[in-house]
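Below is one structure, written out as structure tokens; comments come after it.
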Amino acid sequence: MIKKALLVSCINENKYEIPIGEFIMGRYNPEVRVIKLDIEIKEPRDNCVSRIHCRIYNDGEKVQVEDLGSTNGTYVNNKKR
């Protein structure tokens, strides 16, 4: 069982806890709303996060991450997905 799943910002290492469930993560942009994001990264300098970045699935036993065509890629434990 996973004790805690964390998303860590590539710019400032801010940490965001990932709850149980399935989520689409991306960069917040009030002018462009392509789809509804479940996890929005609102840090203005965090350009390493695409508008639609990845899908995260946490079932409490394991976390799965799928890159959704992001510009800079998605990393899990410093390994590109």
Give me the net charge for the shell around Lys4: Cβ to Cβ below 15 angstrom, other residues only, Lys and Arg +1, Asp and Glu -1. 0
Antiparallel content of DSSP bridges confined to the chain, in %, to 5: 85
Of every Cα-Cα pair in the stretch 6-73, the percent that sits beyond 17 Å: 38
Using Cβ-Cβ distances only, list the Cys residues of the chain with no partner cysteine under 4.7 Å, sorted by number. Cys54
Relative contact order of the chain: what whole-number percent is it, with Cα pairs under 8 angstrom and at least 6 residues apart? 26
Charge dipole (debye, nearest 20) of the chain; +1 at Cβ of Lys and Arg, -1 at Cβ of Asp and Glu: 160
Simple spin-label estimate for Lys4 and Leu68 in nanometres, 7 Å along Cα-Cβ: 2.6
Using the number of other C-beta atoms within 10 angstrom as an exposure proxy, rank Glu40, Glu61, Glu22 with the fewest first. Glu61, Glu22, Glu40
Out of Ile56, Phe23, Thr71 - ranked by how far each Cα lies towards the positive end of the dipole of the stretch 6-73, with unit charges on the beta-carbon of charged residues - the top one is Thr71
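The numbers here are math on the coordinates, done by the rules we state, and not lab data. Computed from a predicted model, the values in this text were never measured in an experiment. A quick note on method: Cβ atoms are made from the backbone with ideal geometry, for glycine too, and the neighbour counts reach across all protein chains shown.
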